[in-house]
Structure formats: C-alpha cells, structure tokens
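Below you'll find the structure, written out as structure tokens, and then a few comments.
The values are calculated or read from the model by the stated rules, or taken from the named source; none is laboratory data. These figures come from a predicted structure and were not determined experimentally. In this analysis, Cβ positions are derived from the backbone assuming ideal geometry, glycine residues included, and neighbour counts consider all displayed protein chains.
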Amino acid sequence: MGVFTYFDVETPNRFNNRMSAMGIIHVVDGVTVHEKSYLLNPEVHFDAFNIELTGITPQMIKTAPTLKQIWPEIEPYFVDTIIVAHNATFDLGVLSATLAHYGLGNYGFEYIDTVRLAKKHLKYKRNNLAYICATLGILMDRHHEALSDAKACQELFYYLVERFGFMDDDVQFYRYGSSKRF
C-alpha cells in the first residue's frame, strides 16, 4: 500500500512564504499513525483577508511554536513518503519557503496533487477542494482549517484511486523553485 502524508497549510498573508497552521495525516500501509493539526507562529504580519479566510488570528499563535521548533518532530512525515495535497505545489511551496527561511534545508518531495487528478478524471468546471468534496458527498468539517482540508484531501484521493486507479505518473517531484514529473 505504501507510505502517504496528507498535508495542508494555511498562511497568514498574501506572500504565502510562511504558515500559520498545518494539518498532517501520516498513513503507513493503510493505517493512520499520526494525525494532528498544528498552529504555528509564522513570525510575520497577518493580512485581514487571511484572518477572515482561516479564522487564525495573531493572538491565537502568539505562544505557538515556529516551524523551526517542531520540524524535528514532523520531518519524518515528509521523508520517504508520498505527500498528497490539493494544489500540492502551493502547500509544498509554502513549506519549502518556510524551511528555507529557517535554514532547515532544501528538501525534495514526491507528491500527488489531487487537483491534477480531479482535472484528469472528473473534468469539473471548478476544481477547488470545497466544490469537489460537496459534489462527491465528501464531508468537510471546516474549509480552510488545515487538518479538515487534509482529511478531505485524503478522502478525495481514496475516491479517485478506488474509481480510476493509481498510475506511476500520478507521482511527481517537487524541489523548491521547480516542479517536474519524474
């Protein structure tokens, strides 16, 4: 079955180079071994738009850890795994930019993008996570809450694989600054 990490981030502002929240679900051979929502202190200002979108305020993250502080705990969920995210290059770009800011390395990630799979198989006019999940009857607790979005992405991925199968070329490779298939 393999090792997968379902992943979503929320950002504090329009620059999308730091994160204020992260949702991670790590699955090994079909068994969830880690599922957690993290509030993170991005150490940057918040835009009103992002506060409205995510519900995360500067007061909420004032005492939250930074990504640098929790990276040793969560790094194993991003190494030797396939990351699955909806609009994955966005989430991986934010993660990579934040890692670079803290000098934590330039990682490469194998990933599957459920937006790409939805476009390939479902051919809906809209491909945002909330629309696709509502159309397919996949429940979302709260859109733009990181763990809720990661769970919805996981369910969407399961639906797509069950219905359309899984191809090796569904897996792509991301390195900060470039995205290519392998």
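Would you mind stating whether residue 149 is of a type outside the set (Phe, Trp, Tyr), closer than 24 Å to residue 78 by Cβ and at pLDDT below 95?
Working: of a type outside the set (Phe, Trp, Tyr): yes; closer than 24 Å to residue 78 by Cβ: yes; at pLDDT below 95: no.
When the stated conditions are applied, residue 149 does not pass them.
If you go through region 143-155 and keep only what is more than 24 Å from residue 172 (Cα to Cα) and without any contact (Cβ under 8 Å) to a residue 60 or more places away in the chain, you end up with just 143. Every condition in (1) surrounded by fewer than 20 Cβ atoms within 10 Å (Cβ to Cβ); (2) among the hydrophobic types (A, V, I, L, M, F, W, C); (3) under 30 Å from residue 161 (Cα atoms); (4) at pLDDT 95 or above is met by residue 64 except one, and the failing one is (3).
Given the condition touching a helix residue (DSSP H, G or I) at 6+ places or on another chain (Cβ under 8 Å) and touching a residue at least 60 places away in the same chain (Cβ under 8 Å), answer yes or no: does some residue in region 123-136 qualify? There is no residue in region 123-136 that is touching a helix residue (DSSP H, G or I) at 6+ places or on another chain (Cβ under 8 Å) and touching a residue at least 60 places away in the same chain (Cβ under 8 Å).
Mind counting the residues in region 132-142 that are within 22 Å of residue 170 (Cα to Cα) and in a helix (DSSP H, G or I)? So that I can check it myself, show each step before the final result.
Taking region 132-142 first, the residues within 22 Å of residue 170 (Cα to Cα) are 132-133, 136, 138.
Checking which are in a helix (DSSP H, G or I) leaves us with 132-133, 136.
Number satisfying all stated conditions: 3.
Within region 135-156, can you find the residues that are among the small types (Gly, Ala, Ser) and surrounded by fewer than 16 Cβ atoms within 10 Å (Cβ to Cβ)? If you could, list the steps in order and put the result at the bottom.
Let us first name the residues in region 135-156 that are among the small types (Gly, Ala, Ser), namely 137, 146, 148, 150, 152.
Result: 137, single match.
Tell me yes or no: at least one residue of region 157-172 is among the aliphatic types (A, V, I, L, M), surrounded by fewer than 20 Cβ atoms within 10 Å (Cβ to Cβ) and either touching a residue at least 12 places away in the same chain (Cβ under 8 Å) or farther than 18 Å from residue 116 by Cα (or both). The answer is yes; a qualifying residue exists.
Would you kindly identify the helices (runs of 4 or more DSSP H) lying entirely within region 1-119 that contain at least 3 residues that are within 27 Å of residue 131 (Cβ to Cβ) and touching a residue at least 12 places away in the same chain (Cβ under 8 Å)? First the steps, then the outcome.
On the way: elements: 48-54, 58-61, 67-74, 88-101.
Per the criteria, 48-54, 88-101.
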